[in-house]
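To keep things clear, I will list the structure first and then write my remarks on it.
The values are calculated or read from the model by the stated rules, or taken from the named source; none is laboratory data. Please read all numbers here as calculations on a predicted model, not as lab measurements. Note that each Cβ is placed from the backbone with ideal geometry, even for glycine, and that neighbours are counted across all protein chains shown.
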Amino acid sequence: MKYTLAALAALCIAVGAFAQEKAQRVTGKLPAKVICFICSQSGESEEEKPAGAVAYKSKTYYFCNKGEVEKFLKDPEAFIPAPVPRLAPAFTLKTPTGETVTLESLKGKLVLVDFWATWCIPCVKDMPDMQKLHTQYAAKGFTVVGISIDEEGAKKVSPFLAKSKVKFTYPILLDSSDTWKQWGVKSVPSVMLVKDGQILKHWSGKIDVKEIESSIKETLTP
């Protein structure tokens, strides 16, 4: 009997923990202005009146419209970046000029993978900084790799690169195989620091280049 009671007690604890993990709509008065979680994932930082909020895994997420609230309630994990460190999935992608680059070919280097798109204003704004990081630390075994998620591929990316005032010397690849999904990208810009086949850091939304550079320096230091 005591074993049955112990098993029931363990089950109750497990059920309680599961209940706490479930996304729940926040009721009651909300703050006058906050940053929308979805907007922040796209690099926006302006506070606005929230349309609703959801509590999930001990955190509260605010949204600027009710539709976002409903979507988050149904599948919160679809919006939250995967935890790190985690395995970096292999990829074989081409540049707009047809050259092939694989993750395996970058083995031994510290790699900053930048998922971006030509239509993403924050992404484009950050790219000159990505080039500066690549130039500054390339001699120390570091490289940036840009992966465009533009659905039209080279048709969009090639003209963008041709018009850019910045001449990018790091590989810029076309995501032709939904690599972004395999890598756990929920929004762009999405930047990941990779070493020895592991994603060590993952930044999304508004990117702090100084924070990224600090992590690069720290990881490159023996």
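One table, with the values for the structure above:
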{"item": "Some residue of region 119-128 being charged (D, E, K, R) and within 24 Å of G205 (Cα to Cα)", "result": "yes"}
{"item": "Looking only at region 30-43, and only at residues there that are within 17 Å of F72 (Cβ to Cβ) and in a loop (DSSP other than H, G, I, E, B), the one that is modelled with the highest pLDDT", "result": "L30"}
{"item": "F91 being touching a Phe, Trp or Tyr at 6+ places or on another chain (Cβ under 7 Å) and not aliphatic (A, V, I, L, M)", "result": "no"}
{"item": "Residue in region 67-94 that is surrounded by the most Cβ atoms within 10 Å (Cβ to Cβ), counting only those that are among the basic types (K, R) and closer than 25 Å to D175 by Cβ", "result": "K94"}
{"item": "Failed condition for C123, given (1) under 21 Å from Q198 (Cα atoms); (2) surrounded by 15 or more Cβ atoms within 10 Å (Cβ to Cβ)", "result": "(1)"}
{"item": "Verdict on D126 being within 25 Å of E218 (Cβ to Cβ), acidic (D, E) and in a helix (DSSP H, G or I)", "result": "yes"}
{"item": "Within region 44-73, considering residues that are at pLDDT below 90 and hydroxyl-bearing (S, T, Y), the one farthest from D208 (Cα to Cα)", "result": "S58"}
{"item": "Filtered residues of region 1-29 (kept if modelled with pLDDT of 90 or more and exposed (fewer than 11 other Cβ atoms within 10 Å of the Cβ))", "result": "T27, K29"}
{"item": "Residue in region 132-149 that is in a helix (DSSP H, G or I) and at pLDDT below 90 present", "result": "no"}
{"item": "Test: residue in region 154-177 that is touching a residue at least 40 places away in the same chain (Cβ under 8 Å), in contact with an Asp or Glu (Cβ under 7 Å, 6 or more places away or on another chain) and part of a strand (DSSP E or B)", "result": "no"}
